[in-house]
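> Take this structure, written in structure tokens, and hold onto it; I'll ask about it next.
The values are calculated or read from the model by the stated rules, or taken from the named source; none is laboratory data. In this text the structure is predicted, and so the values were computed from the model without any measurement. Heads up, the Cβs are rebuilt from the backbone with ideal geometry, glycines too, and the neighbour counts pull from every protein chain shown.
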Amino acid sequence: MMRKNGPMAGMLTLLLLSATQAATAETPTEILSGFETTKKQADRGFRGFSAQRGEQFFKTTHGNEWSCASCHGNDATVTGKHAKTGKLIEPLAPTANAKRFTDPAKVEKWFKRNCNDVLSRTCTAQEKGDVLAYLLTLKK
């Protein structure tokens, strides 16, 4: 008779959870590709994302008090600081923080929250793609 609760069952559960997490992990480039797919479905004339446009978007206010750089800093390869709470924010650029842009659910969660702070609305696929294209050009 096989025991269901024991060290082996716990190890098996841990291995399955790890495998599931690894299967859902992506690279920043794959996340960018997802934005590209979304944009192409909405706009057949789409010609790609622009790092230059992404940098401008990142560093500019959009009718509100904050820009992305207000909290992440003008150099997204270093630690930022939340403009209101003062909480430290790990570097946003994937070259400086390997965890960034690897979990699609977290990417969407943070874009939703931060775009609402900066724009008072959800970011478009174009805006997300341009910002990520910019962040991917940054070197540590």
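> Identify, by number, the condition in (1) surrounded by fewer than 18 Cβ atoms within 10 Å (Cβ to Cβ); (2) touching a Ser or Thr at 6+ places or on another chain (Cβ under 8 Å); (3) part of a helix (DSSP H, G or I) that T61 doesn't meet.
The number of the failed condition is (3).
> Identify the single condition in (1) closer than 17 Å to K140 by Cβ; (2) surrounded by fewer than 14 Cβ atoms within 10 Å (Cβ to Cβ) that K87 does not satisfy, given that it satisfies every other one.
Checking K87 against (1) closer than 17 Å to K140 by Cβ; (2) surrounded by fewer than 14 Cβ atoms within 10 Å (Cβ to Cβ), the one that fails is (1).
> Please enumerate the residues belonging to region 23-54 that are under 15 Å from V107 (Cβ atoms), among the polar types (S, T, N, Q) and surrounded by 15 or more Cβ atoms within 10 Å (Cβ to Cβ).
T38
> If you don't mind, there's one more thing I want to ask. Any residue at all in region 91-112 that's in contact with a strand residue (DSSP E or B) (Cβ under 9 Å, 6 or more places away or on another chain) and either surrounded by 19 or more Cβ atoms within 10 Å (Cβ to Cβ) or over 28 Å from R44 (Cβ atoms) (or both)? Outline the logic, then answer.
Taking region 91-112 and keeping what is in contact with a strand residue (DSSP E or B) (Cβ under 9 Å, 6 or more places away or on another chain), we get 91-92.
Next cut, either surrounded by 19 or more Cβ atoms within 10 Å (Cβ to Cβ) or over 28 Å from R44 (Cβ atoms) (or both) only: 91-92.
Taking every residue of region 91-112 in turn, at least one turns out to be in contact with a strand residue (DSSP E or B) (Cβ under 9 Å, 6 or more places away or on another chain) and either surrounded by 19 or more Cβ atoms within 10 Å (Cβ to Cβ) or over 28 Å from R44 (Cβ atoms) (or both).
> Condition first: surrounded by 15 or more Cβ atoms within 10 Å (Cβ to Cβ), out of contact with any Gly (no Cβ under 8 Å at 6 or more places or on another chain) and more than 13 Å from H72 (Cβ to Cβ). Now tell me which residues in region 116-126 satisfy that.
C123, T124, A125, Q126
> Please find, within region 35-74, the residue that is modelled with the lowest pLDDT out of those that are over 13 Å from Q126 (Cβ atoms) and of a type in the set (D, E).
Among those residues, the one meeting the criterion is E65.
> Within region 65-82, restricting attention to residues that are small (G, A, S) and assigned to a loop (DSSP other than H, G, I, E, B), which residue is nearest to K139 (Cα to Cα)?
Once the filter is applied, the top-ranked residue is A76.
> Next question, about the same structure. Filter region 82-117 down to the residues that are free of Cβ contacts under 8 Å to residues at least 24 places away in the same chain and in contact with a helix residue (DSSP H, G or I) (Cβ under 7 Å, 6 or more places away or on another chain), then identify the one that is nearest to I31 (Cα to Cα).
The qualifying residue nearest to I31 (Cα to Cα) is F111.
> Here is a follow-up. Considering only region 66-86, I want to know if a residue exists there that is basic (K, R) and more than 22 Å from K39 (Cβ to Cβ).
yes
> Here is a further query. Among T95, T85, which is the only one that is out of contact with any Asp or Glu (no Cβ under 8 Å at 6 or more places or on another chain), in a loop (DSSP other than H, G, I, E, B), among the polar types (S, T, N, Q) and under 22 Å from Q52 (Cα atoms)?
The unique qualifying residue is T95.
> Working only within region 55-82, note down all residues that are touching an Asp or Glu at 6+ places or on another chain (Cβ under 7 Å) and of a type in the set (S, T, N, Q). Before you say what the answer is, go through the steps one by one.
Going through region 55-82, the residues touching an Asp or Glu at 6+ places or on another chain (Cβ under 7 Å) turn out to be 57, 66, 79.
Passing the criteria: only T79.
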